[in-house]
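J.: Can you keep this structure in mind? I'll have questions shortly.
Computed from the coordinates by the stated procedures, all read-outs in this text should not be read as laboratory data. Every value quoted in this text rests on a predicted model; they were computed, and no experiment measured them. Note that each Cβ is placed from the backbone with ideal geometry, even for glycine, and that neighbours are counted across all protein chains shown.
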Amino acid sequence: MAKKEKLALFTFIDAFGYELLKREPFLDDLLPYKSPINTIFGYSSTCDPTIITGLMPREHDHFSFFAYNPEKSPFALCRFFKYLPKSITRRGRVRRLMSRFIKRLYGYTGYFQIYNMPFDKLPMFEYTEKRDLYQKGGINSGARTIFDDLRDQNIPFYLSEWWKSEEHNLATLTEDLKKGEIEFAYLYMAHMDAILHEHGPEAKEGSEKIKWYDQQMRKLLEVAHEQYETVNLYVFSDHGMTATPEDYQLIPQIEALGLKFGEDYAAVYDSTMARFWFLKPGAEAAIRGVLEKETNGKILSKEKMHEWGCDFKTNRYGDLFFLVNPGLLLCPSFLGETHLAGMHGYDPNDKDSVASFATNVDLDTPPKRLDDLFGLMKKEIES
Ligand SMILES: [Zn+2]
């Protein structure tokens, strides 16, 4: 049987930053072109929509998971959970079970977790990734993704099920490669992110994981080359990982002001940033007063938010953004209260934030920032 002409294989590895790519051997003989690729401000919930749409956050309207919106909050019933003893509700397992329950109740198809959100405050917030990003209509602004193009053009393609294990996704892709029908594949691998959060970017666990990816990709390529004349391989990440030796507390300084949460102001404390909504006059000045004195982070100016593509049309994601310095973990936060050895979501230009890109294709212009990956995928399906 004649081989098929070409396969474009896009491989996403969560948190495989450029610092790691430089340090570790990874498919060195097969991927001669390796480069840094700039991430964008935010977490995977911001970066991943940018990769698959080519748009900045202001255009796809994805950022952090929780947004102040008491009228549209689906979490009214969580108000009652606050009466449960903290020994129960602080447990990760219990919160995961609750997340699963709420997700099913509302029919959410996206990634959903209530994390460490306080139950008395949850009813003031909505969740912003309700739909599966990778399916039709998954992007908040209604923007199209590369997968919409593939579907509309009837191009046979493979797309990982992001909620399944890496082993599962490698196995299903291998099956598809053996059939030799697909022309495009998007392999999604997210487990390294968890490893690097737990052990930090410098630990041997990360190196071992990269070795494992190296082996798995070799096996995959072997199968692919049996069916395809050419395999254009692209490996990339959404962001890097910064070692976080120290915890930084911000909630007590804000609470010491004596303002009322939900009446004077609202806030979400993510792992590297705090976002504030001002509900009554006076709250802004008081909170700014605290933040301006903080040396562990800075208030992001309107100009900076514009430069980073995060000047949203509405204040859905906050009136004011305070970003913590790289290496400090905002902890406890609404995302977690246990220390982690690594985190991302800092200044996108900090060296440890930078994502990685590697390929076997000699490109005229390698992608410079995550949004360029969309154009690259588009070029592959058009050629
Ligand atoms: Zn992560």
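J.: Please give the Cα centre distance for the stretch 93-168 versus the stretch 299-360, rounded to the nearest Å.
T.: Their Cα centres are 21 Å away from one another.
J.: Let me ask something else about it. Which percentage, to the nearest 5, of the DSSP beta bridges contained in the chain is antiparallel?
T.: 55
J.: Could you list Ile139, Ile299 in order of exposure, starting from the residue whose Cβ has the fewest other Cβ atoms within 10 Å?
T.: Ile299, Ile139
J.: How much of the DSSP beta bridge set in the stretch 245-339 is antiparallel, as a percent to the nearest 5?
T.: 75
J.: Tell me, what HN-Hα J-couplings in whole Hz come from the Karplus equation 6.51 cos²θ - 1.76 cosθ + 1.60 at θ = phi - 60° for each residue of the stretch 24-37, using x for Gly and Pro?
T.: 9, x, 8, 6, 4, 6, 9, 10, x, 10, 10, 8, x, 9
J.: Next question. Where does each of Thr272, Thr295, Thr230 land when they are ranked from fewest to most other beta-carbon atoms within 10 angstrom?
T.: Lowest to highest Cβ neighbour count: Thr295, Thr230, Thr272.
J.: Counting other Cβ atoms within 10 Å, keep those with at most 13, restrict to DSSP loop, and tell me which chymotrypsin sites (Phe, Trp or Tyr not before Pro) in the stretch 7-43 are left.
T.: For chymotrypsin sites (Phe, Trp or Tyr not before Pro) across the stretch 7-43 that sit outside H, G, I, E and B with at most 13 neighbouring Cβ atoms in 10 Å, the list is empty.
J.: With the cut-off at 1.5 for a/c, could you classify the stretch 254-383 from its C-alpha gyration tensor as rounded, prolate or oblate?
T.: Because a/c hits 1.5 or more and a/b exceeds b/c, the stretch 254-383 counts as prolate.
J.: Of all trypsin sites (Lys or Arg not before Pro) in the stretch 279-372, which ones are in loop regions per DSSP and have a Cβ with at most 10 other Cβ atoms within 10 Å?
T.: Passing both the DSSP loop test and the Cβ count: Lys313.
J.: Please order Phe312, Phe101 by the number of other Cβ within 10 Å, starting at the fewest.
T.: Exposure proxy ranking, most exposed first: Phe101, Phe312.
J.: Once the piece of chain linking Lys130 and Arg93 is laid out straight, how much longer is it, given 0.36 nm per residue of separation minus the C-alpha distance between them?
T.: Stretched out fully, the Lys130 to Arg93 stretch lengthens by 11.2 nm.
J.: Quick check: residue separation of Glu161 and Glu71 times 0.36 nm, minus the Cα distance between them. What number comes out in nm?
T.: 29.1 nm
J.: Compute from the Cα atoms of the chain the Rg and the Dmax, the latter being the longest Cα-Cα distance, and quote both in angstrom.
T.: Computed over the Cα atoms of the chain, radius of gyration and Dmax are 21.5, 75 Å.
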